[in-house]
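Heads up: the structure comes next, in structure tokens.
The values are calculated or read from the model by the stated rules, or taken from the named source; none is laboratory data. Small disclaimer: the values here were computed from a predicted structure and weren't measured. In this analysis, Cβ positions are derived from the backbone assuming ideal geometry, glycine residues included, and neighbour counts consider all displayed protein chains.
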Amino acid sequence: MTARIAVLGAGGFIGSHLAPALAERFGCEVDAVDVTFEKLVSKDPRIHRRCARVEDAGVVEEVTRRASLVISLTALCNPSLYSTFPLEVIDASFTHLLPLVKLCTERRVRLIHFSTAEVYGRRAMNAAGEPAAEMTEDDSCSLFGPVHRERWTYACAKQLMERVIWAQGKHHGLEFSIVRPFNTIGPRMDYLPGVDGDGIPRVLACFIDQLLRGEPLSLVGGGRQRRAFMDVADMVEAVCRMVERRGPCRGQIVNLGNPANEVSIADLARLLAREFSALAPLARAARFEHVTADEFYGEGYDDTEQRVPDIGKARSLLGWEPRVSLSEMLPAILGDYLERYAGRVASRTSRFEREPERVA
Ligand code: UGA
């Protein structure tokens, strides 16, 4: 089994769940590379934290010298950044990772690279470019908006990186697998704006922030767009199986998501509001408001109408099935956010503070 695994982006949401699971399951040493480790709470002595950016001099050289497997998770993967910091987004997903892919190839280090479901674009299209129900790794076409819709900078950078990795595998022997994650959610996901970060996080953190502040939940474009959400525990299990099933996963691109948890964003808002009122019964009843994408994100945003993964390949390669339903995962995620943030958000807002006093 793999003696040493490097996880690039181990301090992020998925990385902070994955790194301890790898150490535990494989009894291996894990080189955890990131710029911050607040989310990586594990005290496992096999996890070695290296505070650095992947593009810092010597980091990739060091990582590929020590590890026999690199799992690369680093990216700026928040849609509000795609049209506000497009060049940084392209660098993080493409430019900064080129030396890693090259060194993995030269040194015969296995690479499991995290791409994104964004590479499919606005909606699922089959090989003939006709609308389809699900996004399929080796068959679907991609549908991106025009260049002035900067939303697609991330998708294009990620897709080009997939093509570089694929070419290194096909023509120069790189042993790789590529993961396309579909809306993975869980505890310790995004920051809350104005508390421990700025700007607009992904939808879950936006809604939780609004619930905590007693503000209406913003439904962009009315919230008709649909996503299939997967629990991070299902993601971790799939990646561990990918590590184990080395031969079958070689050269494969694999969707990881949970099609059974497909909902509209408006329904997600209602489900979260219901769970929130169960956990915080004294808080103000949730309200919802429709906002346009331009109002919410500014110019250059664009969206995916519907994003459902075909997970047939993951099932057959990994013998894996995502297990956690949306109604099972939401209470744990809300509980985590309430525990970490309720005090900090409440002290900045009037409505959430007032409610308990009125009832008392
Ligand atoms: C994003 C990233 O671009 C993907 O790479 C990533 O894999 C994915 O998140 C993920 O979470 O895994 P997206 O699903 O569009 O893709 O990101 P969100 O910001 O979570 O938005 C989901 C939908 O909710 C979008 O249609 C957005 O317009 C909407 N939204 C967001 C609202 O209606 N209200 C909000 O307050 C925030």
Would you check if E150 is closer than 24 Å to H96 by Cα, within 16 Å of the ligand (Cβ to nearest atom) and in a helix (DSSP H, G or I)? no
Away from the ligand (no atom under 16 Å from the Cβ) and in a helix (DSSP H, G or I): is that true of E62 in this structure? yes
Consider only pairs whose beta carbons are under 7 Å apart and that are at least six residues apart or on different chains; among these, list those whose first residue lies in region 289-307 and is farther than 16 Å from S83 by Cα and whose second residue is in a helix (DSSP H, G or I) and within 10 Å of the ligand (Cβ to nearest atom). H290/G222; R307/A117
Q225 is checked against (1) more than 28 Å from V345 (Cβ to Cβ); (2) surrounded by 16 or more Cβ atoms within 10 Å (Cβ to Cβ) and fails just one. What number does that condition carry? (1)
Has region 97-110 got any residue that is in contact with a Lys or Arg (Cβ under 7 Å, 6 or more places away or on another chain), surrounded by 22 or more Cβ atoms within 10 Å (Cβ to Cβ) and more than 30 Å from G145 (Cα to Cα)? no
Would you be able to say whether some residue in region 167-175 is more than 10 Å from the ligand (Cβ to nearest atom) and within 22 Å of D302 (Cα to Cα)? no
Going through region 65-79 in order, the residues found to be surrounded by fewer than 19 Cβ atoms within 10 Å (Cβ to Cβ) and not in a loop (DSSP other than H, G, I, E, B) are R65, R66
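Going by the structure shown, is T105 within 14 Å of the ligand (Cβ to nearest atom) and polar (S, T, N, Q)?
Taking the combined requirement at face value, the residue does not satisfy it.
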Does region 113-146 hold any residues that are closer than 25 Å to V7 by Cα and either part of a loop (DSSP other than H, G, I, E, B) or away from the ligand (no atom under 16 Å from the Cβ) (or both), and which are they? S115, T116, E137
Of all residues in region 207-223, how many are within 9 Å of the ligand (Cβ to nearest atom) and among the charged types (D, E, K, R)? 1
Region 308-326: number of residues that are part of a helix (DSSP H, G or I), closer than 24 Å to R123 by Cβ and not aliphatic (A, V, I, L, M): 3
Pairs needed: first member in region 258-285, assigned to a helix (DSSP H, G or I); second member anywhere, within 12 Å of the ligand (Cβ to nearest atom) and among the basic types (K, R); C-beta distance under 9 Å; at least 6 residues apart or different chains. N261/R227; I265/R224; I265/R226; I265/R227; A266/R224; D267/R226; L268/R227
Does D231 fit the bill of being acidic (D, E), within 14 Å of the ligand (Cβ to nearest atom) and in contact with a helix residue (DSSP H, G or I) (Cβ under 6 Å, 6 or more places away or on another chain)? yes
Could you look through region 286-307, keep only residues that are polar (S, T, N, Q) and part of a loop (DSSP other than H, G, I, E, B), and pick out the one that is nearest to the chain's Cα centre (by Cα)? T304
Can you pull out the residues in region 179-235 that are out of contact with any Lys or Arg (no Cβ under 9 Å at 6 or more places or on another chain), part of a helix (DSSP H, G or I) and within 30 Å of R246 (Cβ to Cβ)? M235
Pairs, first more than 15 Å from A205 (Cβ to Cβ) and at pLDDT 95 or above in region 317-340, second of a type in the set (A, V, I, L, M) and in a loop (DSSP other than H, G, I, E, B), C-beta under 8 Å, six or more apart: P322/I311
Among the residues that make up region 54-61, is at least one of them touching a residue at least 40 places away in the same chain (Cβ under 8 Å), crowded, with 18+ Cβ neighbours inside 10 Å and in contact with a Ser or Thr (Cβ under 8 Å, 6 or more places away or on another chain)? yes
Out of A278, A269, A286, I need the residue that is within 12 Å of the ligand (Cβ to nearest atom) and over 20 Å from L73 (Cβ atoms). Which one? A269
For region 291-298, state whether one or more residues are within 30 Å of E339 (Cα to Cα), crowded, with 20+ Cβ neighbours inside 10 Å and either within 14 Å of the ligand (Cβ to nearest atom) or of a type in the set (S, T, N, Q) (or both). yes
